[in-house]
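Worksheet for the structure shown next.
Read-outs: derived from the displayed coordinates by stated rules, not from any lab. None of these values were measured; they are calculated from a predicted model. Here the Cβ positions follow ideal geometry from the backbone for every residue, glycine too, while neighbour counts run over all protein chains shown.
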Amino acid sequence: MSTALALAMSAIFCALGSAAVALAASWRPALLRLLAMPLLGVAGLAALAAGLGALIVAGTATTQLPLGLPWLPWHIAIDPLAGFFLVVIGIVTVAVGCYGVGYARSLEHGRDSVAVLGGFTGLFLTGMLLVVLAADAFLFLVSWELMSLSSYFLVAFQHDQAANRRAAFLYLLMAHLSGLTILLGFGVLAAFGGAFDFGSLRVAELTPLWASLAFTLALLGFGLKAGLVPLHAWLPEAHPAAPSHISALMSAVMLKVAVYGFIRVVFDLVGDLQWQWGVVVLILGSLSALVGILYALVQTDLKRLLAYSSVENLGVIFVALGLSLLFYAGGHSLPGTLALIAALYHTLNHAVFKGLLFLGAGAILHSTHERDLEQMGGLLRRMPWTGWFFLVGSLSIAALPPFNGFVSEWLTFQVALQAWQLESGVLRTLIPIAAAVLALTAALVAACFVKAFGIAFLGQARSRHVRRARPEPVTMRLALGLLAFTCLALGVLPTLVIGLIEPIAIQLLGQGLPPMTDRGWLWFTPVSAETASYSAPLVLLVLVLLVTLVFWGLQWGSVGRIRRCDAWDCGLAPPSPRMQYSATAFAHPLRRVFAPLFRIDESVEQQEDGRLRYRLQAVDRTWDLLYRPIARSVEAAARRVSHLQSGHVRAYLGWTLATLLVLLWLIS
């Protein structure tokens, strides 16, 4: 067994050990904080080391577990693709393990079961690790169900709230639909491969029709789990319902496991890529990116805003995957390879900055017991570390240099600019349209997180419990700092990161990238020095100099001698926090522009003190257009089927006899 595979197995054992220790926390709750969460962090470190080892060695190691069925043993393997996603899982898990120490302390004297939280968290991590390491369809599906079922109990953790129970049920339903679709996809591959191990599936010779069917099933199954529009309805319900560090794991890691499954099946197992698949993926990705950020903009619940933002970022990843399919299937391997690397780079980036943002939202919730942006304000004075780290996450997700989000989105745009190489005029038109949608999405993301950070951390507190917020625990601060530093490192060292990712492109597409430092190590040139280049270290240096000058001006320059006083109130009542710009008002112009996408529910409530409070809720039109008609059809069919239950034994015997006759006819 190779070192990387041994480290990956040790990560699984640590995750299972964390779950086992958490069971004992029913009698001694402090065990969750003192042992279960640190074990979770150790599992993350082991997964991170295993993934880096697999990427550096760029080989494949396999082994067989003494588990499974007598004729169907479990196979596990680690290769560059699995190693990359182990890195994604490991980075976020280390931060979650550190964060969970402070979070668990608040649960030790509460009503919620710490054993349930810790136990299913360990199983959740175990499921995700096994999905990435699985080398046969049987183990893959068992691990997929373990991941889905354990996360269901985490979404329903605070089950005394009806909204959480509804979100958990919806999530479980969608998870099982996803698993069923993936099962059918593997069934198509196994029918041609003759076995369930990935080696046999990889060499299966599929006709174009069956290959397209396998692709469609994979896109539906993994797209549903990834939250692509219009299959995203469960995501903004489930992620806010879970505890904050579980929300970080679900959004930052679990969605990426779905991306892994799609890449593994389509690029690795099916293999014979077709350009039509790229068109479908590109359109779905563009739609998800735009719709996701538009719905994020109109949210006032911070965790719900972040959940919709995950839909947008998964859309960006699938836009890059669609470009990769289009270019590679069209015979242009270099842009196709670069697009695949851009998708993987954004996968890593989103895991880091979305983990940071969800943990930041959790720290706010821990200190203020508040998720509503309309009740926040002034938190930068009360929680300065959380505020600055949340700002780093906001700059990263807004794709501003020198942070990591910029590099992967810039790479995606560079690939889109190569559309002139394609022979089809339709594709040369479609790709610039998708790039324009992506550019609009990037601008809307910036507006969304200006709103999120500005309303939450600047100005004055809008409620008493926010005004009395205390700083977050040290362990939460360390977790946020780790992810914030990683955001900066991934943005400043793009050539190093791409060098680690490149073996995946060689594994899947058979081609790497030419040297990207034509203008020296300071400059990153993905296509050519004449086309475009970017120097993250120089951008960072300029930014540091500007910040230093501004700080010097505030401390010692003329700015520091400005007299500060209350704002002029026009001779009317003195300003109050209620006069500040609200989150709803901030998004109002954009909501008016894109009004057809929303169904707005507005109400004015009178509070106990006699004041009026305005409430606005933007309802996702996907419910009206897709899910409610399906639900009504299922209910109508159930009512018709219920007539079979007449209460007479003779009727039941008659239906049984009819069923037996039909089965005998089919068998014979």
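List of remarks:
- Near Ala532, the amide H atoms lying under 5 Å from its own belong to Val527; only residues 5 or more places off or on other chains count, and H is placed 1.01 Å from N.
- Part-to-part distance (alpha-carbon centres) for the stretch 207-227 and the stretch 391-437, which is given in Å: 24
- Pairwise centroid distance, computed over Cα atoms, of the stretch 295-371 with the stretch 43-119, Å: 21
- Using just its DSSP H runs of length 4 or more, each adding -39500 (n - 2.57), the chain gives a mean residue ellipticity at 222 nm of -22500 deg cm²/dmol after division by all residues.
- Normalised alpha carbon radius of gyration of the stretch 330-554 [divisor 2.2 N^0.38 Å]: 1.16
- Rounded to the nearest 20 debye, dipole of the stretch 330-554 from Cβ charges on Lys, Arg, Asp, Glu: 1100
- Listed residues Ala248, Leu334, Gly53: farthest to the positive end of the dipole of the chain (Cβ charges): Ala248
- Whole-number D in µm² s⁻¹ for the chain, Kirkwood Cα-pair radius fed into Stokes-Einstein, 25 °C, 0.890 mPa s: 93
- Counting only Cβ charges, +1 for Lys and Arg and -1 for Asp and Glu, the dipole size of the stretch 153-294 around its Cα centre is about 240 debye.
- Here the chain is assigned +1 on the Cβ of each Lys and Arg and -1 on the Cβ of each Asp and Glu. Its dipole about the Cα centre then comes out at about 1900 debye.
- 5 angstrom amide H check on Leu422, placed H, neighbours 5+ away: none
- Peptides 372-378, 297-303, 596-602 ranked from most to least packed, by the mean per-residue count of other Cβ atoms within 10 Å: 297-303, 372-378, 596-602.
- Placing unit charges on the Cβ atoms of the charged side chains and taking the dipole of the stretch 330-554 about its Cα centre, the candidate lying farthest along the positive direction among Leu373, Ala452, Gly355 is Leu373.
- Ranked Asp79, Asp620, criterion: other C-beta atoms within 10 Å, fewest first: Asp620, Asp79
- For the peptides 487-498, 213-224, the ranking by packing is 213-224, 487-498, with the highest mean count of neighbouring Cβ atoms within 10 Å listed first.
- As a proxy for reagent exposure, Leu23, Leu660 were ordered by neighbouring Cβ count within 10 angstrom, fewest first; the result is Leu660, Leu23.
- Positive-end extreme of charge dipole, the chain - chosen from Phe524, Ile364, Leu5 (charges on Cβ): Ile364
- Ordering of 115-123, 82-90 by packing is 82-90, 115-123, highest average first (other Cβ atoms within 10 Å, averaged per residue).
- Percent RCO, i.e. relative contact order, over the chain, from Cα pairs under 8 Å lying at least 6 residues apart: 11
- Residues His648, His232, His159, His366, arranged from fewest to most other Cβ atoms within 10 angstrom of their Cβ, appear as His648, His159, His366, His232.
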